[in-house]
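First up is the structure itself, then whatever we jot down about it.
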Amino acid sequence: MNQYAGAEDWVPHAGGMRKLKADLPSCRGCDLWEDATQAVPGEGPVRARMMLVGETPGDHEDKEGHVFVGPAGHLLDRALDEAGIDRSDVYLTNAVKHFRFEREGKRRIHKTPSAGQITACHPWVVREVEIVKPELVVVLGAVAARSLIGPSFRVTQDRGKQVELADGRPAVATVHPSSVVRSQEFKRDLGLLVDDLRAAAALLK
Ligand code: URA
Ligand code: SF4
C-alpha cells in the first residue's frame, strides 16, 4: 500500500492542458509539495509528436518554475541539438512534479523520489500523455521508466529499444541527462543519449 493518497483527486479529467496546468499547483497527492517552491509543469506544444519525460525538477527548475533549465537542461539541449531535434518541437515534462531534496547547510541536494512518490505523481504524467497524444514517448532515466514502463525495467540494459507503455503507445528509454552530467565517462554517455534520441527521431519519420 502506498503511504500517499496520490494525485488522482487533483488531476482534471476534462479540459485540456490549460486546465491541467491551472490545477497542478494545488496537488497534495504526496508530501513533496511541502518543501518545494512550486510544482513545475511540462512545457511544449500540446500537439507535439514526441514527449520527453524526465525525473523531477532540480534546484534551478524548482526556483524558476520551468523544466530542464539547469545543468541537466543544458546537457539535454546539447544532446537534442546533436540528434537534430528542435527543443521547441517536443513536449518536455517530468515523472514527478515537485523537487525532492535534502538540505546540506545552505545547499539543497537532489534526492531521488521514492517509489511511493513516483506512484503518487503518476496520474499527472498519464493525463499529459492523454492530452498531448504523442506518437512517441522518450523516457529519460530510471524514475521515468519506473513511472511509465514499470519497476522491473532496467535502463542500462534496455535503453534504445522500442517498448510499449500501458496505453500501447510506443516509447524508447534512455539515460537521464543528469547522469550524463555527472558521468566519469562523459563522452560515452553523451553518445548513448544522442544515439537514442536520434533513433527516437527516426521512428517518427
Ligand atoms: N532533471 C529532470 O529530470 N527534470 C528537470 O526538469 C530538470 C532536471
Ligand atoms: Fe502532487 Fe506530484 Fe507534487 Fe506529489 S510530487 S504533491 S503527487 S504534484
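The values are calculated or read from the model by the stated rules, or taken from the named source; none is laboratory data. What you are looking at is a predicted structure, and each value in this text was computed from that prediction instead of being measured. Cβ atoms come from the backbone with ideal geometry, glycine included; neighbour counts cover every protein chain shown.
Residue count for the range 14-38 under the criterion of being hydrophobic (A, V, I, L, M, F, W, C), in a loop (DSSP other than H, G, I, E, B) and away from ligand 2 (no atom under 11 Å from the Cβ): the result is 1. Restricting the range 95-136 to residues that are small (Gly, Ala, Ser) and in contact with a Cys (Cβ under 8 Å, 6 or more places away or on another chain) leaves a set whose member that is nearest to Asp62 (Cα to Cα) is Ala95. On the basis of being in contact (Cβ under 8 Å) with a residue 12 or more places away in the chain, of a type in the set (S, T, N, Q) and either more than 16 Å from ligand 2 (Cβ to nearest atom) or crowded, with 20+ Cβ neighbours inside 10 Å (or both), does Gln117 make the cut? For Gln117, the condition - in contact (Cβ under 8 Å) with a residue 12 or more places away in the chain, of a type in the set (S, T, N, Q) and either more than 16 Å from ligand 2 (Cβ to nearest atom) or crowded, with 20+ Cβ neighbours inside 10 Å (or both) - is met. Selection of first residues in the range 81-104 that are more than 23 Å from Gly29 (Cα to Cα) and of second residues that are within 16 Å of ligand 1 (Cβ to nearest atom) and of a type in the set (D, E, K, R), restricted to Cβ pairs under 7 Å at least 6 apart or on distinct chains, gives the following pairs, ordered by first then second residue: Arg87/Asp77. Remark: pairs (first residue in the range 9-33, among the β-branched types (Val, Ile, Thr); second residue within 16 Å of ligand 1 (Cβ to nearest atom); Cβ separation under 8 Å; 6+ apart in sequence or on different chains) = Val11/Trp124. Does Pro123 satisfy the criteria of being surrounded by fewer than 21 Cβ atoms within 10 Å (Cβ to Cβ) and in contact with an Asp or Glu (Cβ under 9 Å, 6 or more places away or on another chain)? So Pro123 passes the test.
Considering the conditions (1) in contact with a Pro (Cβ under 7 Å, 6 or more places away or on another chain); (2) within 16 Å of ligand 2 (Cβ to nearest atom); (3) of a type outside the set (Lys, Arg), Pro41 is excluded by exactly one of them, (1).
Of all residue pairs spaced 6 or more apart or on separate chains, none has beta-carbon atoms under 8 Å together with a first member in the range 173-184 that is closer than 19 Å to Phe153 by Cβ and near ligand 1 (Cβ under 10 Å from one of its atoms) and a second member that is assigned to a helix (DSSP H, G or I) and among the aromatic types (Phe, Trp, Tyr).
Please verify whether Val53 is assigned to a loop (DSSP other than H, G, I, E, B), under 20 Å from Val129 (Cα atoms) and not charged (D, E, K, R), treating the condition exactly as stated. So Val53 does not fit the description; no.
Out of curiosity, is Glu43 acidic (Asp, Glu), within 27 Å of Val172 (Cα to Cα) and either more than 16 Å from ligand 1 (Cβ to nearest atom) or under 17 Å from the mean Cα position of the chain (by Cα) (or both)? Yes, satisfied.
Among the residues of the range 65-97, those that are away from ligand 1 (no atom under 11 Å from the Cβ) and either small (Gly, Ala, Ser) or assigned to a loop (DSSP other than H, G, I, E, B) (or both) comprise Ala79, Ala83, Gly84, Ile85, Asp86, Ser88, Val90. Could we say that Gly58 is within 30 Å of Glu102 (Cβ to Cβ), modelled with pLDDT of 95 or more and either within 12 Å of ligand 1 (Cβ to nearest atom) or basic (Lys, Arg) (or both) here? Spelling it out, Gly58 is indeed within 30 Å of Glu102 (Cβ to Cβ), modelled with pLDDT of 95 or more and either within 12 Å of ligand 1 (Cβ to nearest atom) or basic (Lys, Arg) (or both).
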